[in-house]
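The numbers here are math on the coordinates, done by the rules we state, and not lab data. Everything quoted here is computed from the prediction, not taken from an experiment. FYI the Cβ positions are ideal-geometry reconstructions off the backbone, even for glycines, and counts take in every protein chain you see.
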Amino acid sequence: MHRLARRSRIAATAGATVLVFLAGAVGVSAQAKPDFSGSWKINQAKSSAGATGNNARVSFPSELVVTQQAGVINVEIRFPRTDPVKVTYTSDGSEVAVPIPGVTERARAAWDGDRLVITARRVVSTPFGDFVTDTKEVWSRTGDALTIQRTQTSEGLSETETAFRDRDRRLRPQSVEGPARPGSGEPELRPLPGGGGPAPHAVALKYSF
């Protein structure tokens, strides 16, 4: 009788240990989102042929500057000869408006495991009818390399290109280093005192999680 009771206690303890372990693993998995913070410049040599140059089939900016903290991802996108655009994305997949002059664009952002997926539909109205373009971007990070795969679909035709970006640790004029983010080992980029906002020709995007 005593031996049976002892075995029951051992089994119960082992079961509780397994449950605690599994709960911890699930918690770590749920929190293990990549940090995209940094200045990311496109690497033309590593990117696919249709992602760079004057004849690019899918357009990518030459530089991204990202700050990420407490579930918020701020992104500055640099294209030459363009006006600033500010957008806020939420990871619950809610649809948001992208304020681009002369264009109607709606977008959604969400995590897919350790990847950030951004989908959008852009409508350009012309005298000949609406021109619709659907896009999907998949962001992933490995060390100091950021990979963005972008699929662009219009009139039933799809193009997919991949941009590889190298992390540039030099600070931008609009940012200064703050304390390292807990667990990241990397400095936080903060706006300079006195405001000023993004530099000309920067697209500032904010992803809220």
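Among PHE128, PHE60, PHE164, the ranking by other beta carbons within 10 Å of each residue's beta carbon, starting with the fewest, stands as PHE128, PHE164, PHE60.
Spin-label model, ALA97 to PHE79: label points 7 Å out along the Cα-to-beta-carbon direction sit 1.9 nm apart.
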